[in-house]
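Encoded as structure tokens, the structure appears first; notes follow it.
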Amino acid sequence: MSSIPSATDATTWIAGLSPWPADGFGTERMRALLADLGDPQERYPAIHVVGTNGKSTTTRLTETLLLDAGLRVGAYLSPHVRCWGERIRVSGKEADFEAAAGAVRAAADARGATQFEALTASALLAFAEASVDAAVVEAGLGGRHDATNVLRSSVVVLTSVALDHMEVLGDSREQIAAEKLAVVRPGCVVVLGEAEWRELAEENGAGSVVVTARSNLALAVAAAEAFLGRPVDPHAAESITLPGRLERRGERPLEIWDGAHNLAGVGWLLPRLPEREYVVVCSILRDKRPGMMLEALSVLGPTLVATQSPHERCLPAAELAALGAAHFARAEAQPDPRAARRRAIELAGSGGAVLVTGSLYLLAELSDQHGDT
């Protein structure tokens, strides 16, 4: 019998890996793994996208602008909503995720790699094997100790800085920005959506700093132009959408999915929603200041259906509903996401509106259960 893992086995293997390092954060194991694979990340230049919110969208927009400029481009994003294949893209399409994961499995197992390290290695090797001209890589958590902090980056994009992952990155925006901008390589261009980080970028060795508007498209245009050294056509990226980012999933009732997973993300979302009264379906991780998020979401309507994703840090639905009772006139707990969504649709009625939010892990769970409906 062949010992080569099947395609299905590769995805099952990735899904079963621990997302958290047992021995603390750091890049040593990741660098060793990449060395075992021939250091694929050294075979192409990269644009490294860090920040609290907006990283995936900025990554996709930058990818599209570089593709429009005639480059062969790899793009790496996280987390996914519909399938693991969303995370690794080559030439504007999802790569063969089974093959990409399978190609690193033996080396990753030998090194005891985490899930994110294995995923990152899969992407970086796939890009090298595809002979990309450029890779646009989204960081996972922070920057300094992130598995993506191994790139030959000529451009670094800092999308935004807000209070998130404070148990790992620090208790202030200044500490968090320092962790994220630790990925800056000497002489690279740093693109900022917030001018207050210019001095920090320069202290970390930036060759030049570009400050632009805080929109994801403005950041992507600045990043692509810095990489290419010439103007790009912003219109090429105007139609790009991502699953779970202000995504309309139904019309009667209006159903919108958005993975706003922290207070800053909710702040971005609220003014962009159509003006309606919403039934809010929500799952929030315990460390995301859920009470404050619920208070902000309560302006959308009086009804909350609290649920929970399978993520280990997810607040149980009953606890979330109890928090929500301080801000919503009606707060129900329904642990099963599918049942919670059905209940919200029932409460909204055909003429109402439903917002599913609080966690991309919730949206991924619903997508697994419902397919692409």
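The values are calculated or read from the model by the stated rules, or taken from the named source; none is laboratory data. Predicted model, so just to flag it, every value in this text is computed and none were measured. Counting neighbours? That spans all protein chains shown, and the Cβs are built from the backbone with ideal geometry, glycine included. Side chains included, ligands, DNA and RNA excluded: accessible areas come from the protein's heavy atoms. Shrake-Rupley method; radii C 1.70, N 1.55, O 1.52, S 1.80 Å.
Results for (1) more than 29 Å from Ala15 (Cβ to Cβ); (2) among the small types (Gly, Ala, Ser), shown as yes or no for each residue.
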| position | (1), (2) |
| --- | --- |
| Trp268 | yes, no |
| Leu273 | yes, no |
| Arg289 | no, no |
| Ala340 | no, yes |
| Leu360 | no, no |
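Cβ-Cβ distances below 8 Å connect the following pairs, each with a first residue in segment 300-313 that is hydroxyl-bearing (Ser, Thr, Tyr), a second residue that is assigned to a loop (DSSP other than H, G, I, E, B) and crowded, with 24+ Cβ neighbours inside 10 Å, and a separation of six or more residues or different chains: Thr303/Phe328; Thr307/Ser283; Ser309/Ser283; Ser309/Ser359.
Applying the condition of being hydrophobic (A, V, I, L, M, F, W, C) and part of a helix (DSSP H, G or I) to segment 1-12 and asking which residue is modelled with the lowest pLDDT yields Ala7.
Whether a residue is open to solvent by 20 Å² or more (accessible area, probe 1.4 Å), in contact (Cβ under 8 Å) with a residue 40 or more places away in the chain and not charged (D, E, K, R) was assessed, and His235 does not pass this test. A search for C-beta distances below 6 Å between a residue of segment 80-98 that is of a type in the set (Gly, Ala, Ser) and any residue that is part of a loop (DSSP other than H, G, I, E, B) and open to solvent by 20 Å² or more (accessible area, probe 1.4 Å), counting only pairs 6+ apart in sequence or on different chains, returns Ser91/Arg72. Annotation: Asp36 fulfils all but one of (1) open to solvent by 50 Å² or more (accessible area, probe 1.4 Å); (2) without any contact (Cβ under 8 Å) to a residue 60 or more places away in the chain; the unmet one is (2).
Within segment 238-292, being farther than 19 Å from Thr52 by Cα and charged (D, E, K, R) holds for Glu238, Glu247, Arg248, Arg249, Glu251, Arg252, Glu255, Glu275, Arg276, Glu277.
Looking only at segment 230-287, residues that are of a type outside the set (Lys, Arg) and part of a strand (DSSP E or B) come to 14 in all. Ala206 falls short on exactly one of the conditions (1) crowded, with 21+ Cβ neighbours inside 10 Å; (2) of a type outside the set (Lys, Arg); (3) touching a residue at least 60 places away in the same chain (Cβ under 8 Å), and that condition is (3).
Results for (1) closer than 14 Å to Thr59 by Cα; (2) among the polar types (S, T, N, Q), shown as yes or no for each residue.
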residue: Leu125; (1), (2): no, no
residue: Ala134; (1), (2): yes, no
residue: Thr148; (1), (2): yes, yes
residue: Arg198; (1), (2): no, no
residue: Val211; (1), (2): no, no
residue: Leu219; (1), (2): yes, no
residue: Ala224; (1), (2): yes, no
residue: Gly229; (1), (2): no, no
residue: His235; (1), (2): no, no
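So which residues in segment 47-85 are more than 17 Å from Val155 (Cα to Cα) and open to solvent by less than 30 Å² (accessible area, probe 1.4 Å)? Scanning segment 47-85 gives Thr52, Ser78, His80, Val81, Gly85. Only one of the listed residues (Glu167, Glu194) is surrounded by fewer than 18 Cβ atoms within 10 Å (Cβ to Cβ) and either of a type in the set (Val, Ile, Thr) or at pLDDT below 90 (or both). That residue is Glu167. Residues that are part of a helix (DSSP H, G or I) and open to solvent by 10 Å² or more (accessible area, probe 1.4 Å) were ranked within segment 118-143; the one that is nearest to Trp84 (Cα to Cα) is Ala126. Right, Glu225: of a type in the set (D, E, K, R) and surrounded by 15 or more Cβ atoms within 10 Å (Cβ to Cβ) or not? The answer is yes for Glu225. In segment 243-295, the residue that is nearest to Cys314 (Cα to Cα) out of those that are open to solvent by 50 Å² or more (accessible area, probe 1.4 Å) and basic (Lys, Arg) is Arg286. The set of residues in segment 280-310 that are out of contact with any Gly (no Cβ under 6 Å at 6 or more places or on another chain) and among the β-branched types (Val, Ile, Thr) comprises Val280, Val281, Val299, Thr303, Val305, Thr307. Within segment 15-29, residues that are closer than 29 Å to Glu365 by Cβ and touching a residue at least 40 places away in the same chain (Cβ under 8 Å) reach partners that are outside any helix (DSSP H, G or I) and open to solvent by 60 Å² or more (accessible area, probe 1.4 Å) with beta carbons closer than 7 Å, at six or more positions or on different chains, in the pairs Phe25/His145. When restricted to residues that are assigned to a loop (DSSP other than H, G, I, E, B), closer than 21 Å to Ala147 by Cα and charged (D, E, K, R), segment 174-225 contains 1.
Applying the selection to segment 264-286, what residues are farther than 11 Å from Gly358 by Cβ and in contact (Cβ under 8 Å) with a residue 12 or more places away in the chain?
Passing the criteria: Ala264, Gly267, Trp268, Leu270, Arg272, Leu273, Pro274, Arg276, Glu277, Tyr278, Val279, Arg286.
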